[in-house]
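Have a look at the structure below before the remarks.
The values are calculated or read from the model by the stated rules, or taken from the named source; none is laboratory data. On a predicted model such as this, the values are computed, not experimentally measured, just so you know. With ideal geometry, Cβ positions are generated from the backbone for all residues, glycine too; neighbour counts draw on all protein chains shown.
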């Protein structure tokens with residue numbers, strides 16, 4: 001048999017465990033939308049939440065904590081544990097549990113009634129009884145384990161029933177343990193009944209929105225919490241963060257009262273207009289729409305059951321602003337004032353230097369590698385860092401409020417900002433958008449384009465230069481001092497970015513055509529192999545092999561990059577600037593003049609792929625003799641890749657006059673190429689049927705001698 005103290009402790013443990021279980025318990029049922037929520041959803045397209053309902057999704061957050069000290073007003077009751085310490089002439093400690101009669105038994109003192117005693121009076125009560133037996137002593141009593149209490153939650157609760165909770169629990173704690181009201185339960189008229197009488201009625205809106213706990217009383221065992229049906233409801237939606245279903249008080253509730261629960265009239269909601277959808281029972285149909293203003297009279301308007309209040313957002317338009325955008329230092333909205341003009345927004349050149357310009361400049365000194373790399377390609381760096389303002393054109397966008405169309409008002413930016421021309425310093429209106437463009441936004445005439453040209457090699461002053469309007473290649477070279485005596489004009493390389501783009505586009509088209517042609521030929525091979533199993537297997541094997549070769553070799557073709565080289569068709573003996581064509585320069589042009597090389601080279605199906613000393617009068621035959629042809633050499637397909645980038649093919653050379661291809665004299669830097677014979681169905685044969693030959697590829701797409709090693713493997 002357990003002692004009375006052990007039974008009391010066991011009861012206390014069960015109560016505490018029950019309280020902990022109540023704190024952990026989550027609602028077992030999903031809160032179903034109410035009929036009013038569905039009604040509002042049909043009207044607005046939104047399933048609005050019930051105001052405050054989301055707080056009950058985490059009930060443990062609001063559970064009473066038995067570990068915190070009990071307040072002085074705590075009333076002792078059956079199951080509470082008292083820890084008593086006495087010192088002085090006598091020394092002892094006791095753990096006392098208040099029994100079901102509200103009593104504890106003190107040795108030598110007897111029974112002491114503690115049930116109903118407040119915690120603040122515990123020391124005094126015990127000391128008074130101890131003084132009957134002991135003298136000149138000191139005593140201290142504290143609470144140990146607290147008792148649990150049983151309460152009841154009834155009505156429209158999410159989980160109505162009986163709960164064991166901590167004796168420190170209050171009305172609000174118990175509501176959260178039970179999951180709170182359902183969608184059809186009231187949050188504004190919850191009552192606490194004790195011994196058949198209502199001792200408190202709480203409005204949860206006061207607690208949720210204002211933190212008012214004045215009606216949140218401590219619970220006693222046997223208390224009953226009653227959640228009645230929900231009262232009148234309204235919905236608030238639109239330009240408000242707290243769009244929700246709100247319950248009205250039994251007394252009059254105004255628009256201001258409801259909006260105050262979410263912080264008042266939202267800043268982003270217009271006060272000039274709101275819509276109030278209302279149910280008028282004696283009207284047919286019963287629903288009406290009323291427009292209100294959120295001023296003082298409008299906010300005092302009373303709301304009715306079933307109202308739907310729709311708030312509208314403020315207009316995104318600015319009442320006193322103009323916008324500056326594009327290639328400017330500070331693209332922003334600016335305050336408009338009477339008499340404002342273009343120069344008030346763009347007073348000088350500094351207003352057109354973008355922040356990106358300085359950031360790009362600053363990046364040049366971030367690390368040594370970046371600085372070095374940027375310096376190697378000065379023209380690209382300057383072009384990337386320079387915004388190149390279009391001084392001839394800027395535009396004002398202005399809405400015509402009569403026709404609601406946008407008009408474009410162009411003006412000359414240079415005349416307005418640089419020359420201060422009043423004719424182009426246009427007046428501005430509220431809402432205007434001023435756009436400043438650079439030369440990459442609109443292509444300007446050639447003479448006004450910024451043209452950076454790169455000159456390298458055997459010129460007096462190699463560098464990156466800005467070409468003047470209409471300046472040609474020989475003009476620019478003459479302006480910087482001309483050529484050096486070692487200049488080899490025939491071997492010069494002229495590269496143009498626009499040509500490179502066209503060449504690369506043509507090469508990409510060729511690759512796509514070859515892929516399609518290879519697939520078509522593979523399909524044709526299968527179709528012509530008959531229907532027998534052996535023939536089909538062989539055809540399939542050949543097809544797979546060919547597809548693998550085609551894929552690998554086309555991928556290699558994709559690695560080729562056109563360089564934009566243009567053949568200037570110079571005479572082989574050209575030595576002066578007069579021989580250069582009067583070619584107008586474009587932005588991005590590059591011209592390289594090498595010194596006279598002392599060699600020619602042989603490549604392909606020869607025994608000796610090497611460089612050979614150049615001698616005046618040296619012919620193709622001389623180089624072929626020195627290099628030695630292999631057995632696989634296909635002399636009919638031989639060609640010379642000239643130092644100027646042009647191609648001279650054997651089959652295009654007549655032998656009737658001048659001795660034919662082998663008798664042609666070479667120039668320094670020329671390369672003689674002898675392809676191998678092709679006896680199998682390969683990618684090379686596919687290519688040569690699709691285009692004339694490799695000589696055409698090299699000439700048309702600007703590929704250089706560096707591509708020959710890749711071509712050889714095809």
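Does region 205-212 include one or more residues that are under 49 Å from the mean Cα position of the chain (by Cα) and more than 29 Å from residue 41 (Cα to Cα)?
Going through region 205-212, the residues under 49 Å from the mean Cα position of the chain (by Cα) turn out to be 205-212.
Of the ones still in play, those that are also more than 29 Å from residue 41 (Cα to Cα) are 211-212.
Checking region 205-212: at least one residue is under 49 Å from the mean Cα position of the chain (by Cα) and more than 29 Å from residue 41 (Cα to Cα).
Restricting attention to region 213-223, which residues are under 22 Å from residue 54 (Cα atoms) and either in contact (Cβ under 8 Å) with a residue 60 or more places away in the chain or exposed (fewer than 14 other Cβ atoms within 10 Å of the Cβ) (or both)? Please lay out each step first, then the result.
At the first step, the residues of region 213-223 found to be under 22 Å from residue 54 (Cα atoms) are 213, 215-216.
Hit for region 213-223 is 213, nothing else.
Just to be sure before I move on: is residue 146 surrounded by 18 or more Cβ atoms within 10 Å (Cβ to Cβ), at negative phi and assigned to a loop (DSSP other than H, G, I, E, B) in the structure I sent?
Details: surrounded by 18 or more Cβ atoms within 10 Å (Cβ to Cβ): yes; at negative phi: yes; assigned to a loop (DSSP other than H, G, I, E, B): yes.
Spelling it out, residue 146 is indeed surrounded by 18 or more Cβ atoms within 10 Å (Cβ to Cβ), at negative phi and assigned to a loop (DSSP other than H, G, I, E, B).
Show me the strands (runs of 3 or more DSSP E) entirely contained within region 231-310 in which 1 or more residues are within 23 Å of residue 211 (Cβ to Cβ).
Ranges flagged: 233-238, 244-247.
Could you please let me know if residue 502 is assigned to a helix (DSSP H, G or I), within 51 Å of the chain's Cα centre (by Cα) and at pLDDT 85 or above?
On the way: assigned to a helix (DSSP H, G or I): yes; within 51 Å of the chain's Cα centre (by Cα): yes; at pLDDT 85 or above: yes.
Considered against the rule, which asks whether it is assigned to a helix (DSSP H, G or I), within 51 Å of the chain's Cα centre (by Cα) and at pLDDT 85 or above, residue 502 comes out as yes.
Could you check residue 195 against (1) at pLDDT 90 or above; (2) more than 24 Å from residue 76 (Cβ to Cβ); (3) out of contact with any strand residue (DSSP E or B) (no Cβ under 8 Å at 6 or more places or on another chain) and say which number it fails?
Among (1) at pLDDT 90 or above; (2) more than 24 Å from residue 76 (Cβ to Cβ); (3) out of contact with any strand residue (DSSP E or B) (no Cβ under 8 Å at 6 or more places or on another chain), residue 195 violates only (2).
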